[in-house]
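> Shown below is the structure under consideration.
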Amino acid sequence: MPKILKIIKEAEKENFDAAIIGCFYDPGLRESREIAEKLVVTAPAEASMHIAVTLGQRFSIIVGATKGIPLMRENVIKYGFQDHLASFQPIGMGVLDLQMDPEETKRRIVQAAEKAIEQDGAEVIILGCTHQFGFYQELQSTLGVPVIDVALAALNYAEFLVDLRNKHGWYFNKKNEYLPPPQEEIESWKLSDLF
């Protein structure tokens with residue numbers, strides 16, 4: 001978390017428009033938004049779910065291993081999408097395995113996605129790991145439903161949020177959930193030394 005926050009502050013100092021946290025668990029998203037002053041910060045899970053519920057009523061998330069499901073489920077609930085979640089479908093592969101044998105990865109994803117569509121009623125498939133990058137087009141053609149590549153979703157969502165900020169002044173509310181820590185606390189705890 002401290003490294004993510006440091007990168008966020010550095011990106012803001014260098015006048016970047018947006019930052020994307022590169023993990024489907026969305027680690028540090030809320031905290032990053034607290035410390036950002038004008039920088040748009042987003043992450044793959046949040047972005048993907050927002051897009052998915054626009055494209056269909058129910059989505060399934062394809063995950064590498066069952067180990068990741070509890071934390072992903074927490075995010076589904078935190079973001080308010082539990083009524084839209086059809087299922088999690090694990091494919092029994094670790095993060096590093098996903099790009100090692102692309103054909104085997106595609107085969108397993110198709111099998112899990114077909115199950116999600118046929119048995120769970122999924123209308124949209126979310127590829128629940130940024131290491132599944134590059135598979136969505138072929139899968140979408142095969143499955144006949146929208147397949148969301150989470151890395152592209154996060155990029156497009158960041159562009160959308162930057163556009164909203166620039167055109168309309170719509171930015172993260174800094175009075176409640178994204179209220180930054182008081183300056184006195186930052187100084188007392190020497191947090192500014194971290195970033």
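Nothing in this text is a laboratory measurement; each read-out follows from the coordinates by a stated rule. Computed from a predicted model, the values in this text were never measured in an experiment. Reconstructed Cβ throughout: ideal geometry from the backbone, glycine too, with neighbour counts over all protein chains shown.
> Express the relative contact order of the chain as a whole percentage, based on alpha carbon pairs under 8 Å and six or more residues apart in sequence.
Working: 303 pairs, mean separation 50.7, N = 195.
Relative contact order comes out at 26 percent.
> Continuing with the same structure: Kindly state, to the nearest 0.05, the FRET efficiency for Q99 paired with E177, given R0 = 45 Å and r defined as their beta-carbon distance.
Calculated value: 0.80.
> Hey, what did region 48-150 get for relative contact order, percent, Cα under 8 Å, at least 6 apart?
Computed value for region 48-150: 35 percent relative contact order.
> Measure nothing fancy, just the Cα-based angle from helix 69-78's long axis to the longest principal axis of the chain, in degrees from 0 to 90, nearest 10.
60 degrees
> With a 10 Å cut-off between alpha carbons and a GNM built on the chain, which of I62, I125, I35 moves the most?
I35
> Expressed as an acute angle from 0 to 90° and rounded to the nearest 10, what is the orientation of the C-alpha long axis of helix 102-120 relative to the principal long axis of the chain?
Once rounded, the angle reads 80 degrees.
> Given H placed on each backbone N at 1.01 Å, which residues far from Q89 in sequence or on other chains put an amide H within less than 5 Å of it?
The list, which skips near neighbours in sequence, is I61, I62, V63.
> Mind checking the dipole of region 34-167: about its Cα centre, +1 per Lys or Arg Cβ, -1 per Asp or Glu Cβ, Debye to the nearest 20?
Value, rounded to 20: 200 debye.
> Of K38/K106; K6/K115; K67/K115; K9/K167; K78/K115; K6/K67, which ones are farther than 31 Å apart at the Cα?
Distance filter (> 31 Å) returns K38/K106; K6/K115.
> Right, next: For helix 44-55, report the angle its Cα long axis makes with the longest principal axis of the Cα atoms of the chain; keep it between 0 and 90° and round to the nearest 10°.
60 degrees
> Also, I was wondering about something else. Determine the relative contact order of region 92-195: mean sequence separation of Cα pairs under 8 Å and six or more apart, normalised by residue count, in whole percent.
18 percent
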